[in-house]
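Just so you know, all these numbers are worked out from the coordinates, no wet-lab data involved. If you're wondering where the values come from, they're calculated on a predicted model, not measured in any experiment. FYI the Cβ positions are ideal-geometry reconstructions off the backbone, even for glycines, and counts take in every protein chain you see.
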Amino acid sequence: MRLIVKGTVQGVGFRPAVYRTAVALGLRGSVCNEGSHVTIDIDDGDLFMSRFLADLPPLARIDSIEKIPYDIPPEVEGFTIRESEGGKGEGFSIPTDTAICARCLEDLHEGRRKGYPFTSCTDCGPRFTLLRSLPYDRVATAMDSFPVCPTCGREYATPSDRRFHHQTVCCPQCGPSYRLVGKDGEPIEGDPIATFAKMLREGRIGIAKSWGGMHICCTLDNTARMREWYGRKQKPFAVMVKDLEAARKYCDPAPEEEEQLTSPFRPIVLIEKRNLPVNDLISPGLDNIGIFLPYTGMQVMLFDLLGEDALIMTSANVPGEPMILDDRDVMTLGADMYLLHNQEIVNRADDSVIRLHGDRTFYIRKSRGAVPSYIEVPVHGDAVAVGAQENLAGAVASGGRIYPTQHIGNGEGIGVPEYLEQAVRFQMSLVGCEPQVVAEDLHPAYLNRRFASELAEEYSADLIDVQHHWAHVASLMTDCDGLSRMTALALDGTGHGDDGKAWGGEVLSCDYSSYKRLAHLEYIPLLGGQKALTDLRRLRFAIDEMNGEENATTFSDSEAEVLRKLIPKSVRTSSFGRILDALSFYLGVCDVRTYDGEPAMKLEPLLARGRLVEGFETETENGVIRTAHLFRHLWKCPDPADAAYSVVYNILCEMVDQAAADADANGEDYIGITGGVSYDTPIVSMTEKIAAKYDKKVFCHNRVPNGDGGISTGQAAIALHRL
């Protein structure tokens, strides 16, 4: 029999496992890696599969097995691993970078790999971040620069060894190594990791190179200096903790959150923080804190040597730009010391960030440990989608699957469009995608539209514009096992609408061919355009003017007069995010937005503890949900939490009412919620509570990011249906 096996079958010790099973059963034949799949020729396929499926490698996943009658030539003796063939094609699946496993941790503390930070095996270690092409062999990875020593070569060739055919096998004699340099690049003597730990204890700020990128790090005692040095006055920092016990010291994880923390995926998990002074420095004004555990040998060793149970660990980049990979470029950040290694990072991958809501995983940033991944769709054909602008990711569709790229960043940042193109083209090369259609956001000013146009011209593909919130809903439909249609609340900061206005508080009825705008929030002028997103006084001024109230901001009379003249000329928005920003300002929570989503994030603690009070009811007139008048009554409510909760709850009541009526008309017992605002779990909980009154379930995201990181997946799904 010939077995064609597809799934996660490369870089996981799949061929060695096949070999050991076949030899143990005394079977003849061979196994070969062919890029998108593994081919097994064997003289008793049924006997082989009955044993092999019970002994799959831990990182392997079988999606399909095709069985073809095949006669093993009589001259074939025994079982062999044949040289890899091919290199790409439909159905490829490469394992993600996976945290160092328990057995490699043992090797890290004893034996010939003691203290060697690049220790890994077929069950763990970097994969995607060092991969250049398929099939997954050493020559196609960054390890090609490190020829194996005789001892590693024997491990690679010994079937009983867990490093048998481990493509990135290495040791202190033949593998990559770390070095420590100072502010000006001068070498620092001593053991690199031990000295780095010592300097961190002394209060220095350092940069450590890892898998997929670099981290800026310091001890928690040094958080205030870190904020000043890095120019991040309010934005929360992620914290890497030594172990689960340390995590429980700083936050209160639920069992499901602990499971994510300790998974091989090792994401940053947003968890309710404990009432500690240092936590207020780490995530000012928020109820949660981003926690993650070590996933590389270097990080484990660092904590062994540090004498601390937690470190600030944030991506090493100029704000708004991609994470730095080049050792020379990173010197421009001006840290006190740099822990660097000589293994090339081929593919950037920031740490993934998640938040849990019930049994759903909300990906705030989907990257290291979660990419490559794919979602199956019922439409074949080739398409590429370039996403939106902020929290950008691309997507490549081929063979009935959509493969998102890793998190890219803010599309306006220097180097980001180039990074997007690199990531998309790499995915295309792995899949063998030759796009028939390329999808982009409707917004005419997004910088990635240039790449979309070039790609469409290069492949003579159709180029289509996809409205932002339609793409959000399509991404949710795809996430929910490819639902054919959905009525959903699309809630976010902004997205270019068909009428040229900035949408963001929408009730949409969608399939993959078209959408209908059922209702939206009342338009509010953005005085000064982008300035209104950071200077929240402008939002209050606009809303007060709509309500016929006097200027209650710090604008002078002359400034107020200029702003009044801007009102008829300003872009208008229906954004739910701007309503949250305005509430945050009115209630004294946040005066100035210093990072994306800050006012709404700082409002969330009020929404979490507020209760519904009277006096904040609203209505829908001709599909427009009134919002401005709600701000007149805020001063009447003595508790800001109750005021915030009641405003948001009543707006959601109107939106759910519109969505539920359309769902009823289509015979559906569900509605959806998507967009960046749907990361706000109190808002999702309110929506679920309201929807239950209509006997409707609320479908949330689970695999595709709720926010703009999921836009490209929705665009790709719409593009495929155009075919």
Inset, instruction - Give me VAL648, VAL9 ranked fewest to most by other Cβ atoms within 10 Å of their Cβ, as a rough exposure proxy. - result: VAL648, VAL9
Legend entry - the range 331-435: relative contact order as a whole-number percent, Cα under 8 Å and 6+ apart: 21 percent
Inset, instruction - Post the alpha-carbon centroid distance, the range 308-348 to the range 1-80, in whole angstrom. - result: 41 Å
Inset, instruction - Can you tell me the 0 to 90 degree angle between the C-alpha axis of helix 681-692 and the longest principal axis of the chain, rounded to 10? - result: 70 degrees
Legend entry - Gyration tensor (alpha-carbon) shape descriptor, the range 89-154, a/c threshold 1.5: oblate
Inset, instruction - Using only Cα atoms, locate the centre of the range 434-512 and the centre of the range 120-161, then give the distance between them in Å, rounded to an integer. - result: 40 Å
Legend entry - Which of CYS590, CYS124 has the fewest Cβ neighbours within 10 Å, and the rest in rising order: CYS590, CYS124
Inset, instruction - With no solvent and one equal point scatterer placed on each C-alpha of the range 486-699, evaluate the Debye formula and give log10 I(q)/I(0) for q = 0.11, 0.18 Å⁻¹, two decimals. - result: -0.50, -1.32
Inset, instruction - Go through (i) 28.5; (ii) 27.2; (iii) 26.1 and flag the label whose value is the computed Kirkwood radius over Cα pairs in Å for this structure. - result: (ii)
Legend entry - Potential extension, ALA692-GLU83 segment - 0.36 nm per residue separation minus Cα distance: 213.5 nm
Inset, instruction - Work from the charge dipole of the range 178-342 (Cβ charges, +1 for Lys and Arg, -1 for Asp and Glu, about the Cα centre) and give the residue of LEU220, VAL330, GLY190 farthest towards its positive end. - result: VAL330
Legend entry - Potential extension, ASP280-LEU105 segment - 0.36 nm per residue separation minus Cα distance: 59.7 nm
Inset, instruction - Out of all DSSP beta bridges with both ends in the range 355-470, state the antiparallel percent to the nearest 5. - result: 60 percent
Inset, instruction - Take the alpha carbon gyration tensor of the range 164-268, find the square roots of its eigenvalues, order them as a ≥ b ≥ c, and report rounded if a/c is under 1.5; if not, report prolate when a/b exceeds b/c, else oblate. - result: oblate
Legend entry - Label-point gap, in nm, between GLU454 and ALA254 - each point 7 angstrom along Cα→Cβ: 4.5 nm
Inset, instruction - Could you calculate the FRET efficiency of ASN702 with GLU189 from 1/(1 + (r/R0)^6), where r is the beta carbon distance between them and R0 is 35 Å, rounded to 0.05? - result: 0.10
Inset, instruction - Please report, in debye to the nearest 20, how large the charge dipole of the chain is about its Cα centre when each Lys and Arg carries +1 at its beta carbon and each Asp and Glu carries -1 there. - result: 1080 debye
Inset, instruction - Please list 396-408, 534-546 highest first by mean number of surrounding beta-carbon atoms within 10 Å per residue. - result: 396-408, 534-546
Legend entry - Cα-projected label distance for ARG609 with SER64, points at 7 Å along beta-carbon direction, nm: 5.4 nm
Legend entry - With Cα atoms, 0 to 90° folded angle of helix 416-431 axis to the chain main axis: 50 degrees
Legend entry - For the range 2-81, the fraction of alpha-carbon pairs in successive 10 Å shells from zero, as %: 19, 60, 20, 1
Inset, instruction - Based on alpha-carbon positions alone, could you give the equivalent ellipsoid semi-axes of the range 178-342 from the gyration tensor, as √(5λ), descending, whole Å? - result: 25, 17, 15
Legend entry - Selection from SER283, PRO640, ILE42, by position along the positive dipole direction of the chain (Cβ): SER283
Inset, instruction - Could you compute the FRET efficiency for HIS380 and SER160, with r as their C-beta to C-beta distance and R0 at 51 Å, rounded to 0.05? - result: 0.75
Legend entry - Chain lengthening between ASP669 and LEU463 when straightened (0.36 nm per residue, less Cα-Cα): 70.7 nm
Inset, instruction - For each of VAL424, VAL698, VAL379, count neighbouring Cβ atoms within 10 Å of the residue's Cβ, then give the residues from fewest to most. - result: VAL379, VAL698, VAL424
Legend entry - the chain - percent relative contact order, Cα under 8 Å, separation 6 or more: 12 percent
Legend entry - Tensor-based shape of the range 309-466 (alpha-carbon gyration tensor, a/c under 1.5 rounded, otherwise prolate or oblate): prolate
Legend entry - Theoretical ellipticity at 222 nm over the chain - DSSP helices of four or more residues, -39500 (n - 2.57) apiece, nearest 500: -9000 deg cm²/dmol
Inset, instruction - Could you compute the FRET efficiency for ARG51 and ARG564, with r as their C-beta to C-beta distance and R0 at 60 Å, rounded to 0.05? - result: 0.15
Inset, instruction - Please go through the range 292-390 and write out the trypsin sites (Lys or Arg not before Pro) that DSSP classes as loop and that have at most 12 other C-beta atoms within 10 Å. - result: ARG328
Inset, instruction - Please get the size of the charge dipole for the range 325-401, origin at its Cα centre, with Cβ charges of +1 on Lys and Arg and -1 on Asp and Glu, quoted in debye to the nearest 20. - result: 340 debye
Inset, instruction - Treating the angle as unsigned and between 0 and 90°, give the value, to the nearest 10°, between the Cα long axis of helix 576-586 and the longest Cα principal axis of the chain. - result: 60 degrees
Inset, instruction - Among DSSP beta bridges lying fully in the chain, give the percent that are antiparallel, nearest 5. - result: 70 percent
